[in-house]
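Engineer: Got a structure for you, questions after.
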Amino acid sequence: MIFLQQVSKTYVSKNQSVKALKEVNLHVSQGEIFGIVGYSGAGKSTLIRCINLLERPTTGKIIVDQKELTGLSEKELRQSRKKIGMIFQHFNLMKARNVFQNIAYPLKGSGLSKTETETKVLELLDLVGLKDKVSAYPSQLSGGQKQRVAIARALANDPKVLLCDEATSALDPQTTKSILSLLKQINEKLGLTIVIITHEMQVIKEICHSVALMEDGNIVECGNVLEIFSYP
Ligand code: ADP
Ligand code: ADP
C-alpha cells in the first residue's frame, strides 16, 4: 500500500542544513497497523509528513496505492491526498465550527447532496461513538472526544490510509487506550491501513502489527512486532 524508496529529506535554513531522513526504505502492507517509534528528533514526523507530501522529500520516491506521489502536480496531488487521512496530536479542529461542520468540511466539493452529506456525517459519528455530540463545539469536548471527531473527519473521504502523528500523546492513559481500541476497530472493520508515529513503546505493543525503529534519520530495525519485541 505504501512504498518509500531511498527517501531523504534535508532541511536547509540560513546556512544550516539538517539531514532529517537518510535514504529510507519502507513498505507498509495493505490492512496493517504499522508503528514508527523513536526518540524525539529521530525523523518520525518528517517521515510521516512525507507519506502524504505535506513535506516534499529531497530525493527518493513515494508510492501510495500504486500511485507515485512524488511525480504528481499539485492538482493531481490534491486528488490523491483524499486517499490519505491524517490525525494529529493537537486534533487541529476548527474552533468556530461544530462537530457536524468539522466532519463535513472535507466533503465540500465532493458532489454529495445535503442529505447525502448528513447521512455520511452521522454514519461517521456512529463509527466513532459520538452521535450525541453532533452540534457541540470543540471547546465543549474532552481531548478524547476531540480526537474522535478528528478521526471521523479524516475518514470522511473513505481513505485507504490513515496517518496518525502522535495521536495519543496529549491524552491520559485511559483515553489513550480507548482511542487505540477505536483505531483497531476501524482497521478491522474497514480494512484501513494505519501508520502511527509515537515515542511511546506501549502504543506500538498495544495495537501494531509491524514496527520500524528510527534513529537519527535512519530506520535501524523493522519487522513484525512480536519478533522485534520477543527476546530469546
Ligand atoms: P521526530 O518526529 O522523530 O521528533 P522530526 O522529523 O520532527 O523528528 O525531526 C528530525 C530532525 O529534523 C530534527 O533534527 C529536527 O530538528 C529537524 N527538523 C524537523 N523539521 C524541521 C524544519 N521545518 N526545519 C528545519 N529542521 C527541521
Ligand atoms: P459554514 O461554511 O457556513 O460555516 P458549513 O458549510 O461548514 O457552514 O456547514 C453548514 C452546514 O452544516 C449546513 O448545511 C447546516 O445545516 C449543517 N449543520 C450544522 N450543524 C448541524 C447539525 N447538528 N446537524 C445537521 N446539520 C448540521
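Engineer: Over region 177-232, what is the relative contact order in whole percent, taking alpha-carbon pairs under 8 Å and six or more residues apart? Mind showing how you got there, number by number?
Structural biologist: Working: 37 pairs, mean separation 12.9, N = 56.
RCO, region 177-232: 23 percent.
Engineer: State the extension gain, in nm to one decimal, for the chain segment bounded by Ala96 and Ser110, taking 0.36 nm per residue of separation less the distance between their alpha-carbons. Can you show the working numbers first?
Structural biologist: Working: separation 14, 0.36 × 14 = 5.04 nm, distance 2.23 nm.
Fully extending the segment from Ala96 to Ser110 adds 2.8 nm.
Engineer: Quick one: among Ser40, Ser169, Ser110, which has the greatest mean-square fluctuation in a GNM of the chain with alpha-carbon springs under 10 angstrom?
Structural biologist: Its mean-square fluctuation being the largest, the pick is Ser110.
Engineer: Take the Cα pairs of region 1-56, get the Kirkwood Rh, then feed it into Stokes-Einstein at 4 °C and 1.567 mPa s and tell me D in µm²/s. It would help to have the intermediate numbers written out before the result.
Structural biologist: Working: Rh = 12.3 Å.
Result for D is 106 µm²/s.
Engineer: Roughly what angle does helix 114-127 make with the longest principal axis of the chain, taking Cα atoms, 0 to 90 degrees, to the nearest 10?
Structural biologist: The angle comes out near 60 degrees.
Engineer: For helix 173-190, what angle does its Cα long axis make with the longest principal axis of the chain, in degrees from 0 to 90 and rounded to 10?
Structural biologist: With rounding to tens, the tilt is 90 degrees.
Engineer: Further question on the same structure: Roughly what angle does helix 143-154 make with the longest principal axis of the chain, taking Cα atoms, 0 to 90 degrees, to the nearest 10?
Structural biologist: 90 degrees
Engineer: Extending each Cα 7 Å along its Cβ direction at Lys82 and Ser17, get the distance between those two points in nm, one decimal.
Structural biologist: Distance between label points: 3.8 nm.
Engineer: While we're on this one: Given a cut-off of under 8 Å on Cα pairs at least six residues apart, what relative contact order in percent is computed for the chain?
Structural biologist: So the answer I get is 29 percent.
Engineer: GNM, the chain, Cα, under 10 Å: largest mean-square fluctuation among Leu155, Leu26, Leu54?
Structural biologist: Result for the chain, Cα springs under 10 Å: Leu54 fluctuates most.
Engineer: Oh, and also: Expressed in nm to one decimal, what extension gain is obtained for the pair Cys222 and Thr59 from 0.36 nm per residue of sequence separation less their Cα-Cα distance?
Structural biologist: Details: separation 163, 0.36 × 163 = 58.68 nm, distance 2.15 nm.
Contour length minus the Cα-Cα distance gives 56.5 nm.
Engineer: Write down the radius of gyration of region 150-232 and its Dmax, each obtained from C-alpha positions, in Å.
Structural biologist: When restricted to Cα atoms, region 150-232 yields Rg and Dmax of 13.5, 44 Å.
Engineer: Order of 170-180, 79-89 by packing, highest average Cβ count within 10 Å first? Display every interim value, and only then the final one.
Structural biologist: On the way: 170-180: 16.2, 79-89: 18.6.
Output ranking for 170-180, 79-89: 79-89, 170-180.
Engineer: While we're on this one: For region 1-127, what is the largest minus smallest coordinate of the Cα atoms on each principal axis, given in angstrom and ordered from greatest to least?
Structural biologist: Reported extents, whole Å, longest axis first: 51, 32, 29.
Engineer: Now for a different question. Could you work out the Rg to Rh ratio of region 60-183, with Rh taken as the Kirkwood radius (inverse of the mean 1/r over all Cα pairs)? Present the calculation step by step, with values, prior to reporting the outcome.
Structural biologist: Details: Rg = 15.2 Å, Rh = 15.3 Å.
Result: Rg/Rh = 0.99.
Engineer: Looking at region 1-31, which trypsin sites (Lys or Arg not before Pro) are in a loop (DSSP not H, G, I, E or B) and have at most 13 other Cβ atoms within 10 Å?
Structural biologist: Values: sites: Lys9, Lys14, Lys19, Lys22; in loops: Lys14.
Answer by residue number: Lys14.
Engineer: Greater than 23 Å separation of Cα atoms is the criterion. Which listed pairs, Lys19/Lys205; Lys146/Lys184; Lys9/Lys189; Lys61/Lys82; Lys120/Lys160; Lys44/Lys83, meet it?
Structural biologist: On the way: Lys19/Lys205 29 Å; Lys146/Lys184 18 Å; Lys9/Lys189 35 Å; Lys61/Lys82 19 Å; Lys120/Lys160 17 Å; Lys44/Lys83 21 Å.
Beyond 23 Å between Cα atoms: Lys19/Lys205; Lys9/Lys189.
Engineer: Same structure again: Counting only Cα, what are the radius of gyration and maximum Cα-Cα distance Dmax of region 82-146, in Å?
Structural biologist: When restricted to Cα atoms, region 82-146 yields Rg and Dmax of 11.8, 32 Å.
Engineer: Where q = 0.13 Å⁻¹, what log10 of I(q)/I(0) comes from the Debye formula for the chain, counting one point per Cα?
Structural biologist: Reported log10 I(q)/I(0), two decimals: -0.79.
Engineer: Here's another thing I want to ask about it. Among Glu200, Glu68, Glu221, determine the one that fluctuates most according to a GNM of the chain built with springs between C-alpha atoms less than 10 Å apart.
Structural biologist: Evaluated over the chain, the most mobile residue of the options is Glu221.
Read-outs: derived from the displayed coordinates by stated rules, not from any lab. As the structure is a computational prediction, the values presented were derived from the model and not from experiment. For neighbour counting, all protein chains shown are included, and Cβ atoms are generated from backbone atoms with ideal geometry for every residue, glycine included.
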